[in-house]
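Asks: My questions all concern the structure below.
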Amino acid sequence: MKKALLTLLLLGAAALAYWYFYPAQLPDLGPAYREYAYVSNGKSNTVSVIDLRTFRLARTIAVGAGPTGIAANPAKNEIYVVNTGSNNVSVIDAERNQMVATIGVHGRPFYIDVAPDGKRAYVANSASNNVSVLDLERRAVLGTVRVGAQPGKARVSADGGTVVVSNRGDHSITVLDTARLTVRATIQVCQNPEDIAILPDGTKAFISCSTANQVAAVDLKNDKLLALLDVGRTPVHLALKPDGGELIVSDFDSDSISIIETGTNEVGGTNLIGSKPARGLVSADNSRLYVSNFGSNTVAVYDIDFGKVLSSIPVGRHPDAIALTPDERHLLVAGSESGDVMIIEHRPNPKTQKGEHEYGMLTLIPVGASPNAMVIKSFVLKSVP
């Protein structure tokens with residue numbers, strides 16, 4: 001307890017010093033603008049809503065049991081929360097920040113992915129060996145598709161036509177045709193496939209296999225395995241550059257990241273990043289990588305072009321979920337053990353060469369117990385209250 005208090009005091013002192021020299025300047029986007037971060041708290045059965053205009057906790061919303069996954073609708077102002085313990089999905093109205101519906105699915109869902117047009121969502125049910133297809137207009141189950149054993153994730157392509165499902169129990173992936181809601185192919189990959197990344201053009205999928213220490217490259221045009229790529233130990237997360245040219249793998253038990261060239265299906269390099277990297281996130285200009293280091297209680301800022309760590313920022317205990325605000329000025333980091341979200345601001349430093357940045361803590365916001373997923377939603381209200 002004393003150690004945790006000391007850590008908070010040190011972080012607070014560092015933040016005060018930083019903001020004395022670099023005071024925050026928040027943009028004024030008008031009274032109708034809203035920007036919220038939604039954080040699912042696995043052991044509190046709640047979602048914390050952080051107002052990113054004021055950087056304060058706005059509301060705590062009760063959802064189902066054991067929330068683990070969360071996603072925003074790109075076409076309308078709704079948030080979807082997957083509740084593993086109660087086998088359902090909570091629907092949150094983002095304009096009112098209230099839960100407005102509950103959709104029942106099947107056994108032990110963990111994640112949800114929403115189609116780009118916002119009309120459907122896909123939930124893999126790990127204990128039922130199927131995927132629930134949700135009609136988000138009617139807030140109901142449109143259909144259920146049988147897949148492989150113990151599906152972990154279902155990821156939809158950018159054109160909405162294909163869904164790739166990782167089946168941990170039988171070391172395969174299932175490829176779904178969304179127009180017909182049918183299985184297009186089942187492809188054997190590697191042991192314990194988990195995370196999935198699909199290229200923006202929909203031609204390939206990459207699947208991390210945590211116990212095999214490999215990433216599988218799959219041709220989605222012909223539905224066949226292209227290559228098994230050896231990476232570091234326990235690859236747990238895939239972060240795709242927005243341009244699709246490179247894929248960054250978080251190698252949890254190697255304290256490193258592996259960089260895959262997606263065009264050639266080759267591992268281009270491996271770099272130490274921090275203790276037990278859990279998740280990565282790439283900036284919109286493809287230049288910066290942010291990695292939550294679960295074991296060292298830090299976030300690494302990595303320059304992709306130069307292949308080096310620019311900064312290592314102390315955060316809460318066991319950082320996991322991370323998110324960037326739409327303007328990318330603020331990075332949010334959830335401490336899964338400390339039950340908080342740290343907000344870090346980065347900005348150009350006029351005292352250094354052009355293009356260099358400083359990073360500092362803006363504030364630390366307590367949320368619920370075991371925050372495990374996070375999504376940001378920004379929008380303009382149709383009418384100002």
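The values are calculated or read from the model by the stated rules, or taken from the named source; none is laboratory data. Quantities reported herein were computed from a predicted structural model and do not represent experimental measurements. Backbone-built Cβ (ideal geometry, glycine too); neighbour counts: all protein chains shown. Areas reflect the complete protein model, heavy atoms only, side chains present, ligands, DNA and RNA absent. Shrake-Rupley method; radii C 1.70, N 1.55, O 1.52, S 1.80 Å.
Asks: May I ask you to give the solvent-accessible area per residue for the chain, in square angstrom, as obtained with a 1.4 angstrom probe?
Replies: Heavy-atom accessible area per residue stands at 42 Å².
Asks: With a cut-off of 8 Å between alpha carbons and a minimum separation of six or more residues, what is the relative contact order of the chain in percent?
Replies: 12 percent
Asks: A follow-up question, please. Working from the pairwise distances between different alpha carbons, so that the mean of 1/r is found and then inverted, what is the range 23-160's Kirkwood radius in Å?
Replies: Kirkwood hydrodynamic radius for the range 23-160: 15.5 Å.
Asks: When ranked by the protection proxy of mean other Cβ atoms within 10 Å per residue, highest first, what sequence do the peptides 291-298, 226-233 form?
Replies: Packing proxy ranking, top to bottom: 291-298, 226-233.
Asks: To continue, here is another question. Using only Cα positions of the range 128-207, each an equal point scatterer, no hydration layer, compute I(q)/I(0) via Debye at q = 0.11, 0.15, 0.19 Å⁻¹ and quote the log10 values to two decimals.
Replies: Calculated log10 I(q)/I(0) at the listed q: -0.26, -0.48, -0.77.
Asks: From the backbone phi of the range 227-235, what are the Karplus-calculated ³J(HN,Hα) couplings (6.51 cos²θ - 1.76 cosθ + 1.60, θ = phi - 60°) in whole Hz, Gly and Pro given as x?
Replies: Values per residue, Gly and Pro as x: 6, 10, 9, 7, 10, x, 6, 6, x Hz.
Asks: Return one quarter of the surface area of the convex hull spanned by the alpha-carbon atoms of the range 253-317, equal to its mean projected area, in nm².
Replies: Its Cα hull, projected and averaged over all orientations, spans 4.5 nm².
Asks: Here is a follow-up. Report the accessible area of Thr264, computed with a 1.4 Å probe over the heavy atoms of all protein chains in place, in Å² rounded to the nearest 10.
Replies: 80 Å²
Asks: By accessible area of protein heavy atoms, probe 1.4 Å, what ranking do Thr182, Thr60 get, highest first?
Replies: Thr60, Thr182
Asks: Still on this structure: Summing -39500 (n - 2.57) over the DSSP H runs of n ≥ 4 in the chain and dividing by its residue number, what mean residue ellipticity at 222 nm do you reach, to the nearest 500 deg cm²/dmol?
Replies: For the chain, the value works out to -2000 deg cm²/dmol.
Asks: Just the Cα atoms of the range 137-295: what Rg and Dmax do they give in Å?
Replies: Over the range 137-295's Cα set, Rg and Dmax evaluate to 15.4, 47 Å.
Asks: Also, quick follow-up: Can you tell me the dipole magnitude for the chain around its Cα centre, using point charges on the Cβ only (Lys, Arg +1; Asp, Glu -1), in Debye to the nearest 20?
Replies: I would put it at about 980 debye.
Asks: Any chance you could check the Cα centroid distance between the range 146-181 and the range 47-65 for me, in angstrom?
Replies: 31 Å
Asks: Same structure, new question: Round to a whole number: what % of the accessible area of the range 239-324 belongs to carbon and sulfur, probe 1.4 Å?
Replies: Carbon plus sulfur share of accessible area: 49 percent.
Asks: Ratio to report: Rg/Rh of the range 27-73, with Cα atoms as the point set and Rh obtained by the Kirkwood method; give two decimals.
Replies: 1.05
Asks: Once the dipole of the range 241-304 is set up with Lys and Arg at +1 and Asp and Glu at -1 on Cβ about the Cα centre, which of Gly245, Val282, Ile259 lies farthest towards its positive end?
Replies: It is Val282, whose Cα lies furthest towards the positive end.
Asks: Let me ask another. Given bins 10 angstrom wide, list per bin the percent of all Cα-Cα distances in the range 80-220, short to long.
Replies: 13, 45, 32, 9, 1
Asks: Provide the gained length on full extension for the span Glu358 to Asn222, in nm with one decimal, where the gain is 0.36 nm per separating residue minus the Cα-Cα distance.
Replies: Net length gain for the segment: 44.4 nm.
Asks: Give the value in nm², to one decimal: projected area of the alpha carbon convex hull of the chain, averaged over all directions.
Replies: Quarter of the Cα hull surface area: 18.2 nm².
Asks: State to the nearest 20 debye the size of the charge dipole of the range 74-142 about its Cα centre, where the only charges are +1 on K and R beta carbons and -1 on D and E beta carbons.
Replies: 140 debye
Asks: Report Rg (one decimal) and Dmax (nearest whole number) for the range 211-364, counting Cα atoms only, units Å.
Replies: Computed over the Cα atoms of the range 211-364, radius of gyration and Dmax are 15.8, 53 Å.
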